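Student: Got a structure here, written out as structure tokens. Questions coming.
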């Protein structure tokens, strides 16, 4: 097995176990067994289950930051809203591809701090977008609170209750709901 294959199997094993039990209760031998590797092989790559989870979260948030960088550079344009829709589609395609991770990490056995980290990333994005557009004013904080809550609720609803809706359709809906306040 290659290093990449081992790491992929280890991360999938942790995801599978997170659905069954809380992260602190997952033991290294369980991860190794489920991944089909020895404990010594697991310890060659990771010192603990917590390290694996943190790496997975870091990769998830870094990917979102890259998508956000692309999106922030797209100026809101009432005449060309499809430009923004393209960058928005990237977000929802990414979330769809990482659905299992999101469900596990936000589930009953996931990381309780994940939602806070997610909210901070959304705040960073919308705050950056508002500043880029010159839309900061006395209502900036209220607008950010609304955007953060709406963003979280829409993604959660889609992933948990309506996974049948294609990412492009959710992206279009998100654009209408979330970006409408900027496009008025």
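Student: Just checking, how many residues over the range 159-174 are touching a residue at least 24 places away in the same chain (Cβ under 8 Å) and assigned to a helix (DSSP H, G or I)?
Tutor: Of the residues in the range 159-174, 8 are touching a residue at least 24 places away in the same chain (Cβ under 8 Å) and assigned to a helix (DSSP H, G or I).
Student: Restricting the search to the range 18-27, which residues are in contact with a helix residue (DSSP H, G or I) (Cβ under 6 Å, 6 or more places away or on another chain), within 14 Å of residue 52 (Cα to Cα) and part of a helix (DSSP H, G or I)?
Tutor: Correct list: 18, 23.
Student: Looking at (1) at pLDDT 95 or above; (2) exposed (fewer than 13 other Cβ atoms within 10 Å of the Cβ), which is the one condition that is false for residue 45?
Tutor: The number of the failed condition is (2).
Student: Which number in (1) modelled with pLDDT of 90 or more; (2) assigned by TED's automatic domain parsing to the domain that holds residue 157; (3) farther than 23 Å from residue 158 by Cβ; (4) in contact with a helix residue (DSSP H, G or I) (Cβ under 7 Å, 6 or more places away or on another chain) marks the one condition that residue 77 misses?
Tutor: For residue 77, the failing item is (1).
Student: Also, quick follow-up: Given the residues 59, 5, which is the only one that is at pLDDT 95 or above and assigned by TED's automatic domain parsing to the domain that holds residue 162?
Tutor: Numbers: 5 fails: assigned by TED's automatic domain parsing to the domain that holds residue 162.
Only one candidate passes the filter, namely 59.
Student: Just give me the residues in the range 87-143 being assigned to a helix (DSSP H, G or I), free of Cβ contacts under 8 Å to residues at least 24 places away in the same chain and loosely packed, with under 14 Cβ neighbours inside 10 Å, in sequence order.
Tutor: Those that are assigned to a helix (DSSP H, G or I), free of Cβ contacts under 8 Å to residues at least 24 places away in the same chain and loosely packed, with under 14 Cβ neighbours inside 10 Å: 97, 116, 120, 131, 141, 142.
The values are calculated or read from the model by the stated rules, or taken from the named source; none is laboratory data. Values in this document were obtained by computation on a predicted structure and should not be read as measured data. Neighbour counts are summed over all protein chains in view; Cβ atoms, including those assigned to glycine, are modelled from backbone coordinates with ideal geometry.
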